[in-house]
Structures are given as structure tokens and as C-alpha cells.
Amino acid sequence: MRCTGKSTVGRLLAQRLCLPFYDTDDEIEALTRTSIAEIFDTQGEPAFRQLETQVLSQLSRLPEAVIATGGGIVLLPDNRRVLKTTGTVIWLRADPKILWQRMQADPVTRKRRPPLQGGGEQELVQLHEIRRPIYEELADLIFDSGISSPAAIVEDIILRCRMA
């Protein structure tokens, strides 16, 4: 989900592991030279999801990398297959109320991400309920980013991957 700390944790994890870091949203914006919000406004969500699939396909071919994806990437079965077969899938979960607070405080969210459809916090709760079973099914590891710091999550990821 949006504002769970995927990019922050991903960057820190990549640094600790000395691996390259990629954010699918950043890659899409670089490819199109426009924001995600603009893509949603001018081309619609289906066009964005197609770009997301294209970028994920390219990034998944890298030998080793840490990749942060947009929260909706799991909506397409082909993306779920790529995620599950090409790496370790980590779900950073947080209570929707915490995510709503973070969204309200984050200027990047307002500038770069498409707005919710007007339902506010309740819409975020509904979105979370729709996606939660998919996240649970795909996740190899789950961390609560609402209660743990990004640095603590990175240390837990490294510890749990060593134990596996």
C-alpha cells in the first residue's frame, strides 16, 4: 500500500546489501517523463498498469536488485507470477489509519501519486481490504511498518533471510 515505506526500506536494504535499488514508480516516471498522477489523469489506470507491467518485466530480469513496487502492481495476475517467481516478496503492512496520516503529511504523495477517488480514509480502508489477501498470498516475509522503523525492518529482513 501507499506510504508503507517501500522506497525508504528498499533504499536502506539495497545499501546494506550493496545492491542496486529500483522503484517501479520512479522508473515509469523516467520512462514517460511525467508523474504517475499525470499518467492517471491523461491516460487512465489501465495505461499506467501496462507501464507498470513493462517496467516490472524489465527489472525482474536483473541478476540481483532490490525493487520497490507500487501497491497496485499485485492486481494483475502476470505481475503476481513475476513477483513470486523472481525474488523474495516482502510486504510492508501498516494500519490504514496510519497510512492515511502519512498520506496527509507527505507532499510527494500529493504531487506524484493519483489522488484517491474522494472517499478519504474509508476508501483507503476498503482498498486495503481488497488487496490484503493478495499481499498475504504473495508475501514471503511480512513486516509492520506502522510500528517498526525502516532501519529495524531492514535488520529484520537481513536476519530472517539469513535464517531461511
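The values are calculated or read from the model by the stated rules, or taken from the named source; none is laboratory data. Just so we're clear, the structure is a prediction, and the values are computed from it rather than from any experiment. Quick reminder, even Gly has a Cβ in these numbers, built from the backbone with ideal geometry, and neighbours come from all protein chains shown.
A few points about this structure:
- Number of the exception - SER7 against (1) farther than 19 Å from SER145 by Cα; (2) in contact with an Asp or Glu (Cβ under 6 Å, 6 or more places away or on another chain); (3) hydroxyl-bearing (Ser, Thr, Tyr): (1)
- Members of the stretch 77-107 found to be among the acidic types (Asp, Glu) and either in contact (Cβ under 8 Å) with a residue 60 or more places away in the chain or crowded, with 17+ Cβ neighbours inside 10 Å (or both), listed by number: ASP106
- Condition met for ARG61 (assigned to a helix (DSSP H, G or I), among the basic types (Lys, Arg) and either modelled with pLDDT of 95 or more or surrounded by 12 or more Cβ atoms within 10 Å (Cβ to Cβ) (or both)): no
- Residue count for the stretch 32-53 under the criterion of being surrounded by 14 or more Cβ atoms within 10 Å (Cβ to Cβ) and touching a residue at least 12 places away in the same chain (Cβ under 8 Å): the result is 11.
- Within the stretch 1-31, considering residues that are in a loop (DSSP other than H, G, I, E, B) and among the aliphatic types (A, V, I, L, M), the one surrounded by the most Cβ atoms within 10 Å (Cβ to Cβ): MET1
- Residues within the stretch 121-145 that are free of Cβ contacts under 8 Å to residues at least 60 places away in the same chain, of a type outside the set (D, E, K, R) and in a loop (DSSP other than H, G, I, E, B), tallied: 1
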